[in-house]
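Structure, as structure tokens:
Readers should treat all values here as calculations from the given coordinates under stated rules, not as data from a laboratory. The structure displayed is predicted, hence computed values, not measured ones. A quick note on method: Cβ atoms are made from the backbone with ideal geometry, for glycine too, and the neighbour counts reach across all protein chains shown.
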Amino acid sequence: MVKHIVLFKLNETLTETQRNEIISSFKQIVESLPTKIDQLLFAEVGSNINSKETFDISLIAHVAKLEDVAIYDQHPEHQKAVAILRGNVAQRCCVDCES
């Protein structure tokens, strides 16, 4: 199994209300994706509760093999989640690891 882990830092110009709405909408869509994308076995979105850390959102997804990450990434349902973050993210980092 492959864990696809992504961290997002939201733009500093967003209000707290905007940040909360973005995180909530992103979480709702992403966590519904395993029922819509065959390759996606699990998906979880978290909101950082430690203000001393850099990133605001974590995404953890499980797929069977690395090639499935690309399929998941291009899927139209996943693109709806991407659209929520588009223009609102200052920084993104990702790691794909075997577990």
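Of all strands (runs of 3 or more DSSP E) completely enclosed by the range 11-99, which ones contain at least 2 residues that are free of Cβ contacts under 8 Å to residues at least 60 places away in the same chain, more than 18 Å from Met1 (Cα to Cα) and in contact with a helix residue (DSSP H, G or I) (Cβ under 9 Å, 6 or more places away or on another chain)? Even if it seems obvious, please write down each step before you answer.
Values: elements: 40-47, 57-63, 89-98.
Correct list: 40-47.
With respect to Leu14, is the statement that it is more than 20 Å from Gln91 (Cβ to Cβ), surrounded by 13 or more Cβ atoms within 10 Å (Cβ to Cβ) and either under 11 Å from the mean Cα position of the chain (by Cα) or of a type in the set (A, V, I, L, M) (or both) true? Before you say what the answer is, go through the steps one by one.
Details: more than 20 Å from Gln91 (Cβ to Cβ): no; surrounded by 13 or more Cβ atoms within 10 Å (Cβ to Cβ): yes; either under 11 Å from the mean Cα position of the chain (by Cα) or of a type in the set (A, V, I, L, M) (or both): yes.
Criteria not met by Leu14.
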Query raised in the report: Of the numbered conditions (1) of a type outside the set (Phe, Trp, Tyr); (2) part of a helix (DSSP H, G or I); (3) surrounded by 17 or more Cβ atoms within 10 Å (Cβ to Cβ), Leu7 satisfies every one except a single condition; which is it?
Result: (2)
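Working only within the range 17-43, note down all residues that are among the charged types (D, E, K, R) and under 16 Å from the mean Cα position of the chain (by Cα).
Answer for the range 17-43, where residues must be among the charged types (D, E, K, R) and under 16 Å from the mean Cα position of the chain (by Cα): Arg19, Glu21, Lys27, Glu31, Lys36.
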Report task. Take the range 81-91 and flag every residue that is touching a Leu at 6+ places or on another chain (Cβ under 9 Å) and surrounded by 13 or more Cβ atoms within 10 Å (Cβ to Cβ). Result -> Ala81, Leu85, Asn88, Val89, Ala90
